[in-house]
Amino acid sequence: MSDSKIKITLPDGSIKELDKGSNGLDVALSISEGLARNVLAAEVNGEVWDATRPITTDSEVNLLTWQNDKGKSTFWHSSAHLMAEALEALYPGVKLGIGPAIEGGFYYDVDFGDQEFDSENLKVLEDKMLELARNKSEYVREEVSKADAVAYFTEKGDQYKLELIEGLQDGDITFYKQGNFTDLCKGPHIPNTGFIKAAKILNIAGAYWRGDEKNKQLTRLYAVTFPKQKELKEHLELLEEAKKRDHRKLGKELELFTFSQKVGQGLPLWLPKGAMLRERLESFLKRAQTKAGYQPVVTPHIGNKELYVTSGHYEKYGEDSFQPIKTPNEGEEFFLKPMNCPHHCEIYKSKPRSYKDLPVRFAEFGTVYRYEQSGELHGLTRVRGFTQDDAHIFCTPDQVKEEFLKVIDLVLYVFNALGFEEYTAQISLRDPENKAKYIGSDENWEKAESAIQEAAAEKGLKTVTEYGEAAFYGPKLDFMVKDALKRSWQLGTIQVDYNLPERFELEYTGSDNQKYRPVMLHRAPFGSLERFVAVLTEHCGGNYPLWLTPDQIAVLPISEKYAKYAEEVYAYMEENDIRGFIDHRDEKIGRKIRDAETKKIPFMLIVGEKEQEEGKVSARRHGEGDLGSFTKEEFSQLFREAAKV
């Protein structure tokens, strides 16, 4: 091949030979003009680039469109620049902080100075964005020296950009320009603003500059854009549905949990129905874990400071932990535990272990504590005290793949039982260009990474591979789940750890009678019970799987005359492990049915004169209506079929 040519390898393995200096759009054109019209960016050797950036060496290239998450992220990052351009046009002298893409859109932090901005200005800003978008201005990348960058933003009088430049190295600074706007940015961006056809400012909030309460509070504008107006309309409809499904709203309506200022922010109180739901989730996973060979352990809510110094959690979470608990003994300090793993390491170390004992699997629903900033707390998804379905597997390097396969089976069992059908497994590997920031031998890393990749392939998982996303102590597999509203959540994680066994000097005796370090796997199919309940609640809109629902039936007597028969019916259901209540209120049956529907009770059993005479119940199903008349035994059988996990 001539020196003027390069080989481009596409995701399907096919190879294109193009001129050196060709870009992502050229690659797309070599396939079809239709594809080229839709390309937003190009992933070159694992790094997302502008579709117009020249490629000068043989490379693996993945073309990104609106259908790719990385394509959407690039689209929304570029839209943040468009919004900033519109802001500067409408509010001369405005100062800009940062404007990243986020899940479901983007935001920009803005200092309006003395100028007024409120909800009445939103439509004007949206219209200005679309007016500028129609100019089809190209996003142009420019490498600049640190001195030139400082000079530009000094003249502009933008102290926020100047502060950001302080932390950058000369030679690593790039500007992006489109239309009349220039921003400090490493990119990448879409080819031009013309791709942006619909825009909506979703929310206005306050945000301290760089997240520090000592700094000035800026105005944070959350927004979203789309390549088609129709897609924006559908998205706004989903957002309305999300409001109805908000776990904080449903948690109150269904009497699952509450918060109390006297107890403390971010510390949920589980009400009886929520506690029942939570306990059933725990029991469900405990049964599965027992079958899979896990041993239950219980550890304290606190630990000596030295435990977390040894584990490294004090260094990592010290600032995010609650203040130490000092005892009467001088110099003795305890912490509310931020992680369960150090405690489990000490359990492993409590007696000698042989290779014949491995793998050892310890499982615990352990409550941990982290002092999250008050502004970051959000219902059950971001709290200060939460319970992890934690387990730690101690095994030999040769057992890692087999253990990974078993954990994947467990995670998928959980997802299937709870109705999560759409998920992607993210394989997070170390950065091959910067191995120095990871601990452990190359041999162990290669074994672990191969084990993860092979296990995911054997299970036929839809995967994405992210280089440089591994933890410093080992590679990991994270499950990214899409809920009913197409939002992505990270639920379920499996991590390989060489760090803690080293720090705690864990050992096992090999077949040659020599001492070896075990490999430690961390796994949590739920993650945290609090967050999992929140996500599950919003996913199913409070209509939980029947086996999980706190109140599965409501027995509704038509009048007090049939109270005794209602109690007989309920007693039979209780004996058959069907949970619920009798609605003895002096209300008309229509009101009782409506209230049971509002509370999302799966089955309503109506009893009156006819039912009492025939020894039957009239059954209704939430959201479906009348099912007909059943004997108690017939309904119990119907229920058992419906409640199968």
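With the structure loaded, tell me whether SER260 is among the hydroxyl-bearing types (Ser, Thr, Tyr), exposed (fewer than 13 other Cβ atoms within 10 Å of the Cβ) and not assigned by TED's automatic domain parsing to the domain that holds ASP409 or whether it fails that test. It is true that SER260 is among the hydroxyl-bearing types (Ser, Thr, Tyr), exposed (fewer than 13 other Cβ atoms within 10 Å of the Cβ) and not assigned by TED's automatic domain parsing to the domain that holds ASP409. Among the residues of the range 226-249, those identified as under 30 Å from PHE322 (Cα atoms) and either part of a helix (DSSP H, G or I) or without any contact (Cβ under 8 Å) to a residue 24 or more places away in the chain (or both) are HIS247, ARG248, LYS249.
Conditions (1) closer than 21 Å to PRO525 by Cβ; (2) buried (at least 20 other Cβ atoms within 10 Å of the Cβ), marked per residue:
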site: LYS337; (1), (2): yes, yes
site: LYS349; (1), (2): no, no
site: SER354; (1), (2): no, no
site: TYR369; (1), (2): no, yes
site: GLU372; (1), (2): no, no
site: GLY375; (1), (2): no, no
site: VAL400; (1), (2): yes, yes
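Can we say TYR152 is buried (at least 17 other Cβ atoms within 10 Å of the Cβ) and not in a helix (DSSP H, G or I)? No, not satisfied. Restricted to the range 414-520, the set of strands (runs of 3 or more DSSP E) holding at least 3 residues that are surrounded by 18 or more Cβ atoms within 10 Å (Cβ to Cβ) and at pLDDT below 90 comprises 488-497.
Residue by residue, here is whether (1) hydroxyl-bearing (Ser, Thr, Tyr); (2) under 25 Å from CYS185 (Cα atoms); (3) part of a loop (DSSP other than H, G, I, E, B); (4) touching a strand residue (DSSP E or B) at 6+ places or on another chain (Cβ under 6 Å) holds:
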| position | (1), (2), (3), (4) |
| --- | --- |
| ASP3 | no, no, yes, no |
| ILE8 | no, no, no, yes |
| LYS16 | no, no, no, yes |
| ALA42 | no, yes, no, yes |
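Note on the range 521-535: residues that are at pLDDT below 95 and among the acidic types (Asp, Glu) amount to 0.
Within the range 531-541, is there a residue that is crowded, with 21+ Cβ neighbours inside 10 Å and of a type in the set (D, E, K, R)? Yes, some residue in the range 531-541 is crowded, with 21+ Cβ neighbours inside 10 Å and of a type in the set (D, E, K, R).
Being free of Cβ contacts under 8 Å to residues at least 24 places away in the same chain, of a type in the set (Gly, Ala, Ser) and more than 30 Å from SER354 (Cα to Cα) holds for only one residue in ALA436, ALA417, and it is ALA436. Give the residues of the range 168-216 that are of a type in the set (A, V, I, L, M) and closer than 30 Å to LYS233 by Cα, sorted by residue number. Hits for the range 168-216 are ILE190, ILE196, ALA198, ALA199, ILE201, LEU202, ILE204, ALA205, ALA207. Flag: GLU163 matches the condition of being under 33 Å from the mean Cα position of the chain (by Cα) and either within 29 Å of LEU40 (Cβ to Cβ) or outside the structural domain of LEU40 (by TED's automatic domain parsing) (or both).
For the range 546-586, filtered to residues that are loosely packed, with under 13 Cβ neighbours inside 10 Å and among the acidic types (Asp, Glu), the residue that is farthest from LEU536 (Cα to Cα) is GLU560. Scanning the range 18-40 for residues that are more than 21 Å from GLU142 (Cβ to Cβ) and in a loop (DSSP other than H, G, I, E, B) turns up LYS20, SER30, ILE31, SER32, VAL39.
Of the residues making up the range 159-200, just one is assigned to a loop (DSSP other than H, G, I, E, B), farther than 20 Å from SER78 by Cβ and either of a type in the set (A, V, I, L, M) or in contact (Cβ under 8 Å) with a residue 40 or more places away in the chain (or both), namely LEU168. The set of residues from the range 58-79 being in a helix (DSSP H, G or I), in contact (Cβ under 8 Å) with a residue 40 or more places away in the chain and surrounded by 18 or more Cβ atoms within 10 Å (Cβ to Cβ) comprises THR74, PHE75, TRP76, HIS77, SER78, SER79.
Within the option set LEU271, LEU281, LEU285, being in contact (Cβ under 8 Å) with a residue 60 or more places away in the chain, surrounded by 14 or more Cβ atoms within 10 Å (Cβ to Cβ), in contact with a strand residue (DSSP E or B) (Cβ under 7 Å, 6 or more places away or on another chain) and in the same structural domain as GLU364 (by TED's automatic domain parsing) holds for one residue only, LEU285.
For the range 175-198, filtered to residues that are more than 16 Å from VAL110 (Cβ to Cβ) and of a type in the set (A, V, I, L, M), the residue that is surrounded by the fewest Cβ atoms within 10 Å (Cβ to Cβ) is ALA198. Any idea which of GLY99, GLY113, GLY93, GLY157 is in the same structural domain as LYS186 (by TED's automatic domain parsing) and touching a helix residue (DSSP H, G or I) at 6+ places or on another chain (Cβ under 8 Å)? Being in the same structural domain as LYS186 (by TED's automatic domain parsing) and touching a helix residue (DSSP H, G or I) at 6+ places or on another chain (Cβ under 8 Å) holds for just one of GLY99, GLY113, GLY93, GLY157, which is GLY99.
Let's see how each residue does on (1) of a type outside the set (A, V, I, L, M, F, W, C); (2) more than 16 Å from PRO550 (Cα to Cα):
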| site | (1), (2) |
| --- | --- |
| GLU255 | yes, no |
| GLY264 | yes, yes |
| PHE284 | no, no |
| GLN295 | yes, yes |
| PRO300 | yes, yes |
| GLU306 | yes, yes |
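Screening TYR473 on (1) within 27 Å of GLU60 (Cβ to Cβ); (2) out of contact with any Leu (no Cβ under 6 Å at 6 or more places or on another chain) shows it passes everything except condition (1).
Checking each residue in the range 12-36 for being closer than 19 Å to GLY46 by Cβ, without any contact (Cβ under 8 Å) to a residue 12 or more places away in the chain and not hydrophobic (A, V, I, L, M, F, W, C) picks out ASP12, GLY13, SER14. Restricting the range 206-234 to residues that are surrounded by 14 or more Cβ atoms within 10 Å (Cβ to Cβ) and closer than 30 Å to LEU529 by Cβ, which is modelled with the highest pLDDT? Across the range 206-234, the extreme among qualifying residues is TYR222.
Regarding GLU143, is this residue under 28 Å from ASP69 (Cβ atoms), over 34 Å from the mean Cα position of the chain (by Cα), assigned by TED's automatic domain parsing to the domain that holds PHE106 and in contact (Cβ under 8 Å) with a residue 24 or more places away in the chain? So GLU143 passes the test.
LYS592 passes every criterion in (1) modelled with pLDDT of 95 or more; (2) outside any helix (DSSP H, G or I); (3) crowded, with 19+ Cβ neighbours inside 10 Å apart from (2). Considering the range 86-130, and only residues there that are in contact (Cβ under 8 Å) with a residue 24 or more places away in the chain and among the acidic types (Asp, Glu), the residue that is nearest to GLY194 (Cα to Cα) turns out to be GLU126.
The values are calculated or read from the model by the stated rules, or taken from the named source; none is laboratory data. As the structure is a prediction and not an experimental result, all values here were calculated from the model. Counting neighbours? That spans all protein chains shown, and the Cβs are built from the backbone with ideal geometry, glycine included.
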